[in-house]
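Input: a single structure, listed below in structure tokens.
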Amino acid sequence: MELKRRDFLKIVGGSALIGGSAISALVEEAGIAHASPHEEHGHSAEEDHGHGHIEEASGIRWAMVVDMRKCSEQEGCRDCINACHYVHNVPNFPDPKEEVKWIWKDEYHHVFTDISTLDPYVPEHIKRHPFLVLCNHCDNPPCVRVCPTKATFKRPDGIVAMDYHRCIGCRFCMAACPYGSRSFNWRDPRLGLKGRELNYEFPTRMRGVVEKCNFCVERLAQGKIPACVEACKHGALTFGNLADPNSEVRALLRENYALRRKPQLGTKPSVFYIIA
Amino acid sequence: MIEKALQGSSRYWTWIGFLLVLIGAGFISYLYQLKTGLGITGMSRDVSWGVYIAQFTYLVGVAAGAVMLVIPELLHGYHPYRRVVVFGEFLAIAAVTMCLLFIVVDIGQPARLFNVLLHPTPNSILFWDMIVLNGYLLINIIVGYNTLLCDKKGIPVPKWVKFFAYVSIPWAFSIHTVTAFLYSGLPGRHAWLTAIMAPRFLASAFASGPALLILLLLIVRKVSKYDPGEKVLQSIAKTICYAMIANLFFVGLEFFTAFYSNIPSHMHGLEYLFFGLHGHDQLVPWMQTAGVLGFLGVFILLIPPLRRRIGFLALACAAIIASTWTDKGVGLVIGGFVPNPFEKITEYHPTFPEITIAIGIWAVGFLILTVLYKVAISVREQELN
């Protein structure tokens, strides 16, 4: 357990920065502390077709489970969206053409385009309630594959991150992402932040670069859970380590049938949806 | 040799002045874009590439088309092309320069462009596109300039220049293959996810590049004493005809695969472009006209008595240029983005500054072309004396 904890500290960016109690909380949250090497080995073999390589490097594979049974009960709730967009100073441009968004809601048949041909017979409540969508932090991210400057890259813990200072704004990643998860700053993003409370802990971007959900890497480094997960009062969002068989996310996926978006593309998303 | 471009008739200088005005207008619009951001264009979160990348794609084809003269001359010893090849190579230089400019104006942070070199990323097709395009530009400058210089001096072309001329053949194929790979390797963009993208690009390139070249040679014949000769024009016309037939055939194959398989996502892109999807049909007149013009061009070129009449030849070339330009310079890019990954339709309308910038870059290309052709013509006229 001590070893695990030390490894974890290394990954999240240096123990000096991190308060011990916060780490304990996260370790408990993610279920990292309970993993034994033996169990992990068994897991890797079993998951050859799912999340294969990353956990061997870091022992961590961050993932999110969206429980639509809980989420869809809260009609009009925007707690997670507001929290994320506040924490990351995501600008607000009402014109959909210039929109920047990290997490948002869309309808079932737009989110699961590949299976929406079953539409007429899908239960009404599923069709009616919007689904949360965000970057899937894919195992095989096409956006990372196409980026000509490594401005977007995959971390050992599976998070697909971005360097806003290296991005040249070619938007190849936007063409490559099959989930429409990426936004471009068509204008100065600060114009979309006017009159809003800013979070001075997180930088604003400049125009001409792409941005998207980062699974709150900056909060993970401080031992916090992602802002959207923290903001959800209804327990619809669960964040944790997919590489740990005893984590909460794994328990949810073991006990419930969950979907991922466009699995046939082989991108292996890390965001799961429990539908019913 | 280049000093020949500084002597010309008043008509020549009027044309240069006209291009400079267009370039100036494009430059001012670009300054506005630099200041405000790409928000001044019609591009959006859903249609994140537009006119710029579409022109880039089309012009890569025009550049590659030059090889259709190099191959017969170099590999088959077809001597009538000997004096004309340089016009193809100079067209390639102008076209690749436009390609590079279209990339630059499309970049959100142009000051960081050199990050592509500072952080080379071989898994990105854009990295390879940069290499092949710049390489092709360099090869054509080397071969074109040196061949012409030798003609001027009346000496045979040295072996090392010939070597680069041979290299230019596979290299021409590479520029359009790699450009096709920019599109055809992306999961979830159904209209682009097709193995036939590269051959389709090449067929279209080998029709559109030489078609533009014929029109340019007809102009050269009109404004100068140099005449490439009827035989040359007819040979190029046959090449265009074959290539355009292949191009139309390939487009037909796309339709077969999409509609016979009946997979909705594969049909949507073509439906949107050619027939309209869910009431969105703004590109339908463009694409249908492109189809008709493509067949018209092939029809004229297939019938020798028609093809031999200069008016009809020019009409066929213009029709094929319009057809391939609409296919690649309008339809291809937009068709990949509509519908978007959520199966929603966001339409794209280029804005006035966006079109001004694009026209400005075309004007830069024509300026380079004019200067280079002026030099080539002066050497050819000197040979006649």
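Where does helix B:197-223 land angle-wise versus the long Cα axis of chain B, in degrees 0 to 90, nearest 10?
The two axes meet at around 40 degrees.
Over all pairs of distinct alpha carbons, what does the Kirkwood formula give as the hydrodynamic radius of the protein assembly as shown, in Å? The partial results should precede the final answer.
On the way: mean 1/r = 0.0367 Å⁻¹.
Evaluated over the protein assembly as shown, this radius sits at 27.3 Å.
Can you list the lysines whose alpha carbon sits under 21 Å from that of B:Lys374, skipping same-chain ones fewer than 8 residues off?
B:Lys4, B:Lys152, B:Lys153, B:Lys222, B:Lys225
With solvent modelled as a 1.4 Å probe, how much accessible area in total do chains A and B shield from it at their shared surface, in Å² to the nearest 100?
Values: alone 13700 and 17500 Å², together 27460 Å².
Its buried surface, counting both partners, is about 3700 Å².
Taking a cut-off of 23 Å, what percent of all Cα-Cα pairs in region B:1-95 are separated by more than that?
Details: 2395 of 4465 pairs.
I get 54 percent for the Cα pairs in region B:1-95 exceeding 23 Å.
Given a Förster distance of 30 Å, report the FRET efficiency between B:Thr36 and A:Glu197 from their Cβ-Cβ distance, rounded to the nearest 0.05.
Values: r = 26 Å, r/R0 = 0.87.
That pair, B:Thr36 with A:Glu197, gives E of 0.70.
As a test of the definition: which semi-axes, in Å, follow for region A:62-274 when you take the square root of five times each eigenvalue of its alpha carbon gyration tensor? Largest first, please. Present the calculation step by step, with values, prior to reporting the outcome.
Numbers: eigenvalues 135, 76, 71 Å².
Each semi-axis is √(5λ); the values are 26, 19, 19 Å.
Give me the distance in nm between label points sitting 7 Å out from Cα along the Cα-to-Cβ direction at B:Leu138 and A:Ala276, one decimal.
With each label placed 7 Å out from Cα toward Cβ, I get 6.2 nm.
Once label points are set 7 Å from the Cα along Cα→Cβ at both A:Arg254 and B:Leu302, what is their separation, rounded to one decimal in nm?
Inter-label distance under the simple model: 6.8 nm.
Given q = 0.23 Å⁻¹, what are the Debye log10 I(q)/I(0) values for region B:168-226, with equal point scatterers placed on the Cα positions and solvent ignored?
Computed log10 I(q)/I(0) values: -0.88.
If you average the C-alpha positions of region B:77-154 and of region B:334-379 separately, how far apart do those two centres end up, in angstrom?
The two parts, judged by their Cα centres, are 17 Å apart.
DSSP beta bridges in region A:62-274, what fraction antiparallel, as a percent rounded to 5? Walk me through the intermediate numbers first.
Working: 16 of 20 bridges.
Counting DSSP beta bridges with both partners in region A:62-274, the antiparallel share is about 80 percent.
At a 1.4 Å probe, what is the % contribution of carbon and sulfur to the accessible area of region A:62-274? Can you show the working numbers first?
On the way: 4330 of 8130 Å².
Ligands and nucleic acids excluded, carbon and sulfur reach 53 percent.
Taking only Cα atoms, what is the 0 to 90° angle, nearest 10, from helix B:125-153's long axis to the longest principal axis of chain B?
Around 10 degrees separate the two axes.
List the GluC sites (Glu not before Pro) within region A:107-208 that fall in a DSSP loop (any state other than H, G, I, E or B) and whose Cβ has at most 15 other Cβ atoms within 10 Å.
Working: sites: A:Glu107, A:Glu124, A:Glu197, A:Glu201; in loops: A:Glu107, A:Glu197, A:Glu201.
The qualifying sites are A:Glu197, A:Glu201.
Starting from region A:199-276, pick out the chymotrypsin sites (Phe, Trp or Tyr not before Pro) whose DSSP state is loop and whose Cβ has at most 11 other Cβ atoms within 10 Å. Write down the numbers at each step before the final one.
Details: sites: A:Tyr200, A:Phe215, A:Phe239, A:Tyr257, A:Phe272, A:Tyr273; in loops: A:Tyr200, A:Phe215, A:Tyr257.
Taking region A:199-276 and a limit of 11 other Cβ atoms within 10 Å, the loop chymotrypsin sites (Phe, Trp or Tyr not before Pro) found are A:Tyr200, A:Tyr257.
How far, in degrees from 0 to 90, does helix B:85-106 lean away from the longest principal axis of the Cα atoms of chain B, to the nearest 10?
Long axis of B:85-106 versus the principal axis of chain B: about 30 degrees.
Which value, in Å², gives the accessible area per residue of region A:62-274 when a 1.4 Å probe is used on the protein heavy atoms?
Numbers: 8130 Å² over 213 residues.
Roughly 38 Å² per residue, with all protein chains present.
Express the carbon and sulfur contribution to the solvent-accessible surface of region B:178-314 as a percent, rounded to the nearest whole number, probe 1.4 angstrom.
Details: 4220 of 6040 Å².
Carbon and sulfur: 70 percent of the exposed surface of region B:178-314.
Roughly speaking, what is the stretch gain from B:Lys225 to B:His76, that is 0.36 nm per residue apart minus the C-alpha to C-alpha distance, in nm to one decimal? Mind showing how you got there, number by number?
Working: separation 149, 0.36 × 149 = 53.64 nm, distance 2.81 nm.
Length gained, B:Lys225 through B:His76: 50.8 nm.
Between B:Thr14 and B:His278, what FRET efficiency follows from the Cβ-Cβ distance if R0 is 60 Å, with the result rounded to 0.05?
Numbers: r = 49 Å, r/R0 = 0.81.
The pair B:Thr14/B:His278 has a calculated efficiency of 0.75.
How much area per residue is accessible in chain B when the probe is 1.4 Å and only protein heavy atoms are counted (Å²)? Mind showing how you got there, number by number?
Details: 15570 Å² over 385 residues.
Spelled out: the 1.4 Å probe surface of chain B, per residue, equals 40 Å².
Please return the longest stretch of chain B lacking exposed loop sites, where trypsin sites (Lys or Arg not before Pro) count only if DSSP places them in a loop and at most 16 other Cβ atoms lie within 10 Å. Write down the numbers at each step before the final one.
Values: sites that count: B:Arg82, B:Lys225, B:Arg308, B:Arg309, B:Lys344.
Longest run free of exposed loop sites: B:83-224.
Quick one: Debye curve from the alpha-carbon atoms of chain B only, equal weights, vacuum; give me log10 I(q)/I(0) at q = 0.10, 0.11, 0.13 Å⁻¹ to two decimals.
Calculated log10 I(q)/I(0) at the listed q: -0.66, -0.80, -1.12.
Computed FRET efficiency, Cβ-Cβ of B:Phe312 and B:Leu100, R0 45 Å: what is it to the nearest 0.05? Could the numbers behind the result be given before it?
Working: r = 35 Å, r/R0 = 0.79.
E(calc), rounded to 0.05, equals 0.80.
When the Cα centres of region B:283-330 and region A:219-276 are compared, how far apart do they sit, in Å?
So the separation of the two Cα centres works out to 55 Å.
In whole Å, what is the distance between the alpha-carbon centres of region A:104-142 and region B:2-17?
So the two Cα centres are separated by 61 Å.
The values are calculated or read from the model by the stated rules, or taken from the named source; none is laboratory data. Quick caveat: nothing in here was measured; it's all calculated off a predicted structure. Please note: Cβ atoms are built from the backbone with ideal geometry, for glycine as well, and neighbour counts cover all protein chains shown. Please note that ligands, DNA and RNA were not included when accessible areas were found on the heavy atoms of the full protein model with its side chains. Shrake-Rupley method; radii C 1.70, N 1.55, O 1.52, S 1.80 Å.
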